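Novice: Here's a structure for you.
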Amino acid sequence: MAQGLRAAIDFLLYEWLQAQTLATRERFADHSRETFDAVLDTCERIAREKYAPFNRLVDTEEPRFDGERVILPAATHEAWKAYADSGMLSAAQDYAIGGMQLPYTVEAAGNAFFAAASVSIGAGMLTVGNANLLMAHGTEAQRRAFARHEFAGRFSGTMCLSEPQAGSSLSDIATRAVPDGDDYEADPLGPRYRLRGNKMWISAGEHELTENIVHLVLAKIPGPDGRLPPGVKGISLFIVPKKLVDADGRLTGERNDVALAGLNHKCGWRGTTNTLLNFGEGRYPVRAPGLDGRGAGAIGYRVGEPGQGLRYMFHMMNEARIGVGMAATMLGMAGYLASLDYARNRPQGRPIGPAGKDPAQPPVRIIEHADVKRMLLAQKAYCEGALALELYCARLVDEQHTGDAAAADEARLLLEVLTPIAKSWPSEWCLEANSLAIQVHGGYGYTRDFPVEQYWRDNRLNMIHEGTHGIQALDLLGRKVLMEEGRGMQLLGARMAATIARARGVPALAAHADALHGAWDAVRAATQAAWADGDPVPALANAVPYLQAFGHTVLAWIWLDVALAAAGREDAANRGRLLACRYFFHYELPKTAAWLQVVRERDLTCAEMPEDAF
Ligand SMILES: Cc1cc2nc3c(=O)[nH]c(=O)nc-3n(C[C@H](O)[C@H](O)[C@H](O)COP(=O)(O)OP(=O)(O)OC[C@H]3O[C@@H](n4cnc5c(N)ncnc54)[C@H](O)[C@@H]3O)c2cc1C
């Protein structure tokens, strides 16, 4: 599998995105294609040796709680150690703190190998996101005590947003944070609070892979009347370590009041623990008096200003969402390559000739049937297209961080518009790819003797977490395409126009260029029609079909641009890219017309369905 994946990544990185030119930037000056390749080689090797062989094991040996400790397979411990030792946790950081100053584009490509090999053993995405947030918004003391140890792999990190009653609607969180004593502002690790509340669905919330776990927790500080402020503006952010530390991150020997209430038993992604955590209920009293005179209340250090918690959390969202999109893409890719291999070897059925079937002939391999080729080509178009999109977005992140002012601003705005697509499109369509991979396997695909059912189960998460599909759609149509007077959409349109102009000069691609031109015009017209009178009710009633149409149009553009890099080359891999592009334009892009029709007409069939008519 890794071979097909590596070839796809190499082509997209170097032939299409020209990632090697990043080495001309000051920040990446010590790098070159050779150093990028060395990182990819290391990731590929660790993923092959420490992740892939244990993907089924971590699915069947779910995490267990023995009342004291959470038990994970030994393979998970070894994989974490190998990943941390590789330096990937701090790949993008400054040399001064032990990092490699690697472009995010290459980091994202390297991490793709782990997601393809065993997504749920995990490759530290949450830990890196957590530590990056502290680098951006924490104090020097907080970086020193927490973030640096996360980059080194001594500590791991979580993101504690969701609560049992508050998932999509974070304004309803009820976790409280009250100042811890009169001297609460004098703590060197930041203003110190006591937290009490329940956090649901927390990934990697409890385990013993690392010495400590750094929880980043959203909570509300009550006003003088004791009430929690309403809305998202009342949300603050706190560092709540499982075990307390000193200024250098050394464990003080005190256990913080954070208790595992239970593990969630999931459909897939079982190699990662998923937890309900109780903060501050007094299970582990710490530093009395606390909330009850006996040390109840989890100790947390505020990050930044009160009321800015969600804004800080969202700082990391672009990269987190590219990470989710990449994970979805890699699960799709793993299924595609497994089903391709199966189809090349499974004999079944005879071809239909002009005179029908000849039963005297031996059976052919199923890859020879047109419908099986359709299923394989669909997977290829979804997954390689999604991979290109994720790497394109990662390249924009590098532009945002290292480009000149105008280029950085353009990249920022393009990322605002593209991020809901980068997260949601692979979550939906690479999941569909996994379903097709099962179909290619026939009955065998529905058993645990083949890997594809697990890929589907693992992938099913991605439309749910990091903002559900529905929430991403509302974000796109309700906010992103409108922000800054629609400038993000205009920038995207300009990039599409440039691709279209080039493709019109290539006879094999000219018809696709016209089709893309028409599809983007239709997306723009539907956006205007949806918002014709500014009323959000009919405008947003069909936000998901809009997301689907927008996403398919973006992918058509990505494929056309990739096809330009492949055009004129005669080898099989590039012919395959051109045919996947053609598949996308002939079989997928036409779907956008139906999706956009209900958006344009502000169809209220769903919105007006009376509850008692269901
Ligand atoms: C395996 C797993 C890992 C997770 N890891 C973490 C983690 O590490 N940290 C963390 O904080 N959270 C985590 N989550 C939580 C995840 O982010 C939430 O499940 C998600 O945000 C949805 O919240 P919910 O489950 O409460 O569903 P709800 O918000 O109740 O949504 C249910 C349905 O209603 C729809 N809906 C809700 N509101 C609206 C609306 N306004 N308009 C239209 N439709 C709407 C949703 O789209 C969805 O289809 C994880 C979840 C899972 C399953």
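The values are calculated or read from the model by the stated rules, or taken from the named source; none is laboratory data. None of the values given here were measured: they were computed from a predicted structure. As a convention, Cβ positions derive from the backbone with ideal geometry for all residues, glycine included, and neighbour counts pool all protein chains shown. Accessible surface areas use protein heavy atoms only, side chains included; no ligands, DNA or RNA. Shrake-Rupley method; radii C 1.70, N 1.55, O 1.52, S 1.80 Å.
Novice: Roughly to the nearest percent, how much of the accessible area of segment 444-497 is carbon and sulfur, given a 1.4 Å probe?
Specialist: 60 percent
Novice: Give me Rg/Rg_expected for segment 1-124, where Rg uses Cα atoms only and Rg_expected = 2.2 N^0.38 Å with N residues.
Specialist: Here the answer is 1.18, to two decimals.
Novice: Relative to the compact-globule scaling 2.2 N^0.38 Å, provide the ratio for the alpha-carbon radius of gyration of segment 291-365.
Specialist: 2.54
Novice: Return a whole-number percent for the relative contact order of segment 1-101, with Cα pairs under 8 Å and 6 or more residues apart as the contact set. Before the final figure, lay out each step's value.
Specialist: Working: 55 pairs, mean separation 16.6, N = 101.
Dividing the mean separation by the residue count of segment 1-101 yields 16 percent.
Novice: Give me the accessible area per residue for the chain, probe 1.4 Å, as a whole number in Å².
Specialist: Result: 41 Å² of accessible area for each residue.
Novice: Here is a follow-up. Could you run the Karplus curve 6.51 cos²θ - 1.76 cosθ + 1.60 with θ = phi - 60° over segment 380-386 and give me ³J(HN,Hα) per residue in whole Hz, x for Gly and Pro?
Specialist: My calculation for segment 380-386 gives 4, 5, 5, 7, 5, x, 5 Hz in order.
Novice: To continue, here is another question. In terms of the ratio Rg/(2.2 N^0.38 Å) built on C-alpha atoms, what value belongs to segment 193-311? All intermediate terms of the calculation are to be shown ahead of the outcome.
Specialist: Working: Rg = 14.8 Å, N = 119, 2.2 N^0.38 = 13.5 Å.
Against the empirical 2.2 N^0.38 Å value, I get 1.10 for segment 193-311.
Novice: What does the charge count around Ile235 come to, taking other residues whose C-beta lies under 15 Å from its C-beta (Lys +1, Arg +1, Asp -1, Glu -1)?
Specialist: Neighbour charge sum, excluding Ile235 itself: +4.
Novice: Then there's this: What is the percent carbon and sulfur in the accessible area of segment 32-74, measuring with a 1.4 Å probe over the protein chains and ignoring ligands?
Specialist: After summing per-atom areas, the C and S share lands at 51 percent.
Novice: A further question follows. In degrees from 0 to 90, rounded to the nearest 10, what is the angle of the helix 591-600 Cα long axis to the longest principal axis of the chain?
Specialist: For 591-600 against the chain, the angle is about 60 degrees.
Novice: Can you give me the angle between helix 317-345 and the longest principal axis of the chain, using Cα atoms only, in degrees from 0 to 90, rounded to the nearest 10?
Specialist: Once rounded, one gets 40 degrees.
Novice: Follow-up question, since we're still on this one. If the chain between Asp94 and Leu579 were fully stretched, how many nm would it gain, using 0.36 nm times the residue separation less the Cα-Cα distance?
Specialist: Gain in length upon complete extension: 170.4 nm.
Novice: Turning to a different aspect of this structure: Just want to confirm a number: the relative contact order over the chain, from Cα pairs under 8 angstrom separated by 6+ residues, in percent. Don't skip to the answer; put the middle values down first.
Specialist: Numbers: 1110 pairs, mean separation 70.8, N = 614.
Worked out over the chain, it gives 12 percent.
Novice: If you don't mind, there's one more thing I want to ask. May I ask which of Lys423/Lys591; Lys242/Lys423; Lys81/Lys199; Lys266/Lys480 have a Cα-Cα span longer than 22 Å here?
Specialist: The answer is Lys242/Lys423; Lys81/Lys199; Lys266/Lys480.
Novice: What do you reckon, how do Trp201, Trp595 stack up by accessible area (1.4 Å probe), largest on top?
Specialist: Per-residue accessible area, sorted high to low, gives Trp201, Trp595.
Novice: In the chain, how does Rg compare with the Kirkwood Rh, expressed as the Rg/Rh ratio over alpha carbon atoms?
Specialist: Computed over Cα atoms, the ratio is 0.98.
Novice: Treating segment 304-435 as a set of equal point scatterers at the Cα positions, no solvent, please give the Debye-formula log₁₀ I(q)/I(0) at q = 0.22 Å⁻¹.
Specialist: After summing over all Cα pairs, the log10 values are -1.15.
Novice: Can you pull out the GluC sites (Glu not before Pro) in segment 1-68 whose DSSP state is coil and whose Cβ has at most 15 other Cβ atoms within 10 Å?
Specialist: Glu68
Novice: Quick query: amide H of Glu163 versus all other amide H atoms, modeled in the peptide plane; which residues come in under 5 Å with a sequence gap of 5 or more or a different chain?
Specialist: Close amide H contacts, sequence-distant or interchain: Met200.
Novice: So how exposed is Arg144, as accessible area in Å² (1.4 Å probe, rounded to 10)?
Specialist: Spelled out: Arg144, probe radius 1.4 Å, area about 120 Å².
Novice: Another question, if that's okay. Using Cα-Cα distances under 8 Å and only pairs 6 or more residues apart, what relative contact order does segment 359-493 have, in percent?
Specialist: 25 percent
Novice: In segment 423-471, which trypsin sites (Lys or Arg not before Pro) are in a loop and have at most 16 other Cβ atoms within 10 Å, using DSSP for the loop call?
Specialist: Arg448
Novice: With no solvent and one point per C-alpha, what does the Debye sum give as log10 I(q)/I(0) for segment 397-494 at q = 0.15 Å⁻¹?
Specialist: Taken in order of the listed q values, log10 I(q)/I(0) reads -0.71.
Novice: Give the long-range amide H neighbours of Gly99: residues separated by 5 or more places, or on another chain, with amide H under 5 Å away, using H modelled in the peptide plane at 1.01 Å from N.
Specialist: Here Asp94 satisfy the definition.
Novice: Moving on to the next point. Run the Debye formula on the Cα coordinates of segment 493-614, all scatterers equal and no solvent, and tell me log10 I(q)/I(0) at q = 0.11 1/Å.
Specialist: -0.44
Novice: Moving on. Compute the Rg/Rh shape ratio of segment 131-172: radius of gyration over Kirkwood radius, all on alpha-carbon atoms.
Specialist: 1.14
Novice: Towards the positive end of the charge dipole of segment 145-249, with charges on Cβ (+1 Lys, Arg; -1 Asp, Glu), say which of Pro191, Pro164, Ile221 has the farthest Cα.
Specialist: Of the candidates, Pro164 comes out farthest on the positive side.
Novice: First compute the accessible area of segment 359-442 with a 1.4 Å probe, then give the percent of it belonging to carbon and sulfur atoms. Walk me through the numbers before you get to the answer.
Specialist: On the way: 1380 of 2630 Å².
Ligands and nucleic acids excluded, carbon and sulfur give 53 percent.
Novice: At 0.36 nm per residue, minus the direct Cα-Cα distance, what do Ser171 and Asp358 gain on full extension? Give it in nm, one decimal, please.
Specialist: That works out to 60.7 nm of additional length.
Novice: While we're looking at this one, here's another question. For segment 79-148, give the magnitude of the charge dipole about the Cα centre (Cβ charges: +1 Lys/Arg, -1 Asp/Glu; no others), in debye to the nearest 20.
Specialist: About 160 debye.
Novice: Let me check I've understood the local charge: for Ala328, count other residues with C-beta under 12 angstrom from its C-beta, Lys and Arg +1, Asp and Glu -1. What total comes out?
Specialist: Residues close to Ala328 contribute a combined charge of -2.
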